[in-house]
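All remarks here apply to the structure that follows.
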Amino acid sequence: SKNIFWELQTFIVHRGISSQNTDREGLKRLKGKAISIRTYQWNKFLKRVYKDGECIRVMGSKGSHGYSTIHLNEKNVLTHRFIYQFLKGSIKEGLVLDHICRVRDCCNPNHLRIVTQRENILAGNGATARHAKKTHCPKGHEYTKMKVGRKCIVCHKAYMKWYHKTKEGTHGRS
């Protein structure tokens with residue numbers, strides 16, 4: 001834990017903030033609310049921090065999606081967002097932090113980058129990201145980009161031919 005303390009403390013010292021004046025200079029913006037961290041809160045937080053490879057992870061409370069939280073000023077705050085804002089600066093409205101390492105409870109500021117929600121989703125491993133990376137339909141035809149989304153023109157034409165043939169047969173048209 002001492003090594004991690006040193007790494008995080010180095011970020012703080014680099015920004016001109018020491019543990020003695022954290023109360024005064026640790027004031028940062030978090031979702032429009034002024035949040036400060038006191039020395040005892042910082043030290044308590046550091047006791048929950050451990051190193052896992054290159055990641056700096058946090059033991060303790062996790063939200064429903066696996067992100068660690070820290071309790072500040074009567075509120076639970078996402079740890080990675082707080083640490084990033086505290087050590088590197090604010091996050092513009094409408095942007096989110098992407099864990100480059102893909103570890104949700106990592107709060108290493110060097111593993112975080114500011115992106116749009118769309119970029120964050122597409123960089124992930126979820127169903128949306130997997131689908132977006134596909135270039136061909138299940139039958140092997142290349143997808144064609146449309147104004148909204150994309151589709152396989154070959155399969156779509158075959159489906160429409162089948163649909164109209166079926167529709168004509170059920171309604172008595174020829």
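Just name the residue that is nearest to the chain's Cα centre (by Cα) out of those in the range 123-154 that are at pLDDT below 85 and over 26 Å from His99 (Cβ atoms). Looking at residues that are at pLDDT below 85 and over 26 Å from His99 (Cβ atoms), I get Gly149.
Of the numbered conditions (1) under 17 Å from the mean Cα position of the chain (by Cα); (2) open to solvent by 50 Å² or more (accessible area, probe 1.4 Å); (3) of a type outside the set (Phe, Trp, Tyr), His80 satisfies every one except a single condition; which is it? Evaluating His80 over (1) under 17 Å from the mean Cα position of the chain (by Cα); (2) open to solvent by 50 Å² or more (accessible area, probe 1.4 Å); (3) of a type outside the set (Phe, Trp, Tyr) leaves (2) as the failure.
The values are calculated or read from the model by the stated rules, or taken from the named source; none is laboratory data. Remember, predicted model here, so these are calculated numbers, not experimental data. Glycine also receives a Cβ, built like all others from the backbone with ideal geometry; neighbour counts cover every protein chain displayed. Only protein heavy atoms, including side chains, enter the accessible area calculation; ligands, DNA and RNA are left aside. Shrake-Rupley method; radii C 1.70, N 1.55, O 1.52, S 1.80 Å.
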